[in-house]
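S.K.: First the structure, then my questions, so here it is.
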Amino acid sequence: MFKKYGAVVSVLVLFVAAASLLVRLCFNQFPGYGLTKMALATGYLVLAVALGALDSRLGRWLLLGFACAWWGDFLLIGPGNGFFLAGLIAFLLGHVCYCIAYATHGPRWSVAGVSYLVLACPGAVLVWNLWPGIPAGLGLPVMAYLSVITLMVALSVACIGRPGASLLVLGAVLFYLSDIGVSSHAFGDAPTVALKWLVILYFPGQYILALAIPVARRAAEKAARAAVGTAKGDGL
């Protein structure tokens, strides 16, 4: 166990060291809010590990998504479109990890398909409104990102009825809404910029996803014990 948690601490130290080096090389000045933001980002990583993320398949995939999101949080602080694109890619990879986490949690695929089609409608409206403000070269990455995060929310809805589903859905929806806030602030005109306040939902969403890990794990362990008991009963 010490080796397992020691490895996590080592990775986190490397994250901080690499981020500090990037700040030294690429930032004219690290903004004051950046320290608070990264402290909160480190918090959801630490919380996930403390709640047993390493002990379940769902938890491990969510933890990997948190690690990608940590880098996304850091890179979006950076100057210029290059850092923005790098942050977008980091979050995109994080959402891929979340999608895999949900996919391993027993979703109903028909529900996922219908949910995706329903969620794609407001997503298409958002892209239509933001498109004029999206810089050249970022259009396809933004569309890819929106497609993946929409799939993440659809898969979370498809997990309703599974252990921890309410927290998994709530965390996914809050993350989705916060990304609407980020994109509206970055690319929108006056009417859509009003949505920028949705960004405050991001950290609550991440922490709620972390809280889902022990709930799902305990339910799975209980189901496994019940299955063993049933098998023993059948063998008598």
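S.K.: Working out 0.36 nm times the residue gap between residue 222 and residue 117, then minus their Cα-Cα distance, what length gain in nm do you get to one decimal?
M.R.: Extending this stretch completely gives an extra 34.4 nm.
S.K.: A further question follows. How big is the dipole moment of segment 2-222 about its Cα centre under a simple scheme where the beta carbon of each Lys and Arg is +1, that of each Asp and Glu is -1, and everything else is neutral? Debye, nearest 20, please.
M.R.: Charge dipole of segment 2-222: 640 debye, to the nearest 20.
S.K.: Moving on to the next point. Counting only other residues whose beta carbon sits under 13 Å from that of residue 97, what net charge do I get with K and R as +1, D and E as -1?
M.R.: Once all neighbours under 13 Å are counted, the net charge is +2.
S.K.: Would you kindly state how much longer the chain becomes between residue 17 and residue 39 on full extension, computed as 0.36 nm times their sequence separation minus their alpha carbon distance, in nm to one decimal?
M.R.: 6.5 nm
S.K.: To the nearest 500 deg cm²/dmol, what mean residue ellipticity at 222 nm is calculated for the chain from DSSP H runs of n ≥ 4 alone, each contributing -39,500 (n - 2.57), summed and divided by the residues?
M.R.: Helix-only estimate at 222 nm: -28000 deg cm²/dmol.
S.K.: First check a/c for segment 41-141, with a ≥ b ≥ c the square roots of the eigenvalues of its C-alpha gyration tensor; if it is under 1.5, answer rounded, and if not, answer prolate when a/b is larger than b/c or oblate otherwise.
M.R.: Taking the square roots of the gyration eigenvalues as a ≥ b ≥ c, segment 41-141 is oblate.
S.K.: For helix 80-103, report the angle its Cα long axis makes with the longest principal axis of the Cα atoms of the chain; keep it between 0 and 90° and round to the nearest 10°.
M.R.: Once rounded, one gets 20 degrees.
S.K.: Where Rh denotes the Kirkwood radius from the mean inverse Cα pair distance, what is Rg over Rh for the chain?
M.R.: Answer for the chain: 1.02.
We did not get these values from a lab; they are worked out from the coordinates using the rules stated. Because the structure is a prediction, the values reported are computed rather than measured. Here Cβ is always computed from backbone atoms with ideal geometry, including for glycine, and neighbour counts include all displayed protein chains.
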